[in-house]
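Everything on this sheet refers to the single structure shown next.
Readers should treat all values here as calculations from the given coordinates under stated rules, not as data from a laboratory. Everything numeric in this text was worked out from a predicted model, so none of it was measured.
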Amino acid sequence: MTSGSGAPPLPPPQPPALAARTVSEAARALAYAWAQPMDPAEHNRAISQLYSVLRDLGIATRGLARYRTSGNPARPASLDFRRLVAASAKQLLGASESLDGVLAAEGLGAVPDPEDPGTLLCRATRNAITAWRQPAGTSAERDTTVERLITAIGFLGAATRSLATHAPRRRAIEMHTVAAILGEVTACLSKASQPSHGTGDRE
């Protein structure tokens, strides 16, 4: 005999590398879309979406720092993998906090276009939180996940610089600050993905 509301079970989270690919592809589409002219309302929504993406990507990346490699890794991670990825997560969250006074996209009230590039990236980064909460896989899958995350952040940096072009002075300064932080995150994650010359992961 069964009990409960009868609601269907939630789908399982995406594999970490697949979630990273979804984020990367959505970020690429976003970079192209935000390079186009926007009216003031579109620009304000884009900044709110940027805030939400940075916040959720920071939370998701914090989980990725706990990645557990299975099997016999062909190339061990850097001994500093966890520290560097955790530092990257902290930087992403700091980037969102640098957007002073910006409402999260989901708090704007209007129903967003489900096919809007910003909406798609918000959804992808939110899904990554679940996908990267308890990440596990081979060393190759771990490396692919990080590489795709680096690519996504590169596109996000380009999109942010596009927003700065048409932003009021104060917002433009914030956009350039965010873009600079994203560059630091890319460098930090690149170090995390470098091969180790030590004993490998500390599980």
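Database remark: amide H of A136 closer than 5 angstrom to the amide H of R68 (H placed geometrically; neighbours at sequence offset of 5 or more, or on other chains; Pro and chain starts carry no H).
3J(HN,Hα) along region 25-38: 5, 5, 5, 5, 4, 5, 4, 5, 5, 6, 7, 8, x, 10 Hz, from the Karplus curve 6.51 cos²θ - 1.76 cosθ + 1.60 with θ = phi - 60°, whole Hz, x for Gly and Pro. Applying the Karplus relation 6.51 cos²θ - 1.76 cosθ + 1.60 with θ = phi - 60° to region 43-48 yields 3J(HN,Hα) values of 5, 5, 5, 4, 5, 5 Hz, where x marks Gly and Pro. The tail of the calculated P(r) for region 16-192 beyond 29 Å holds 18 percent of all Cα-Cα pairs.
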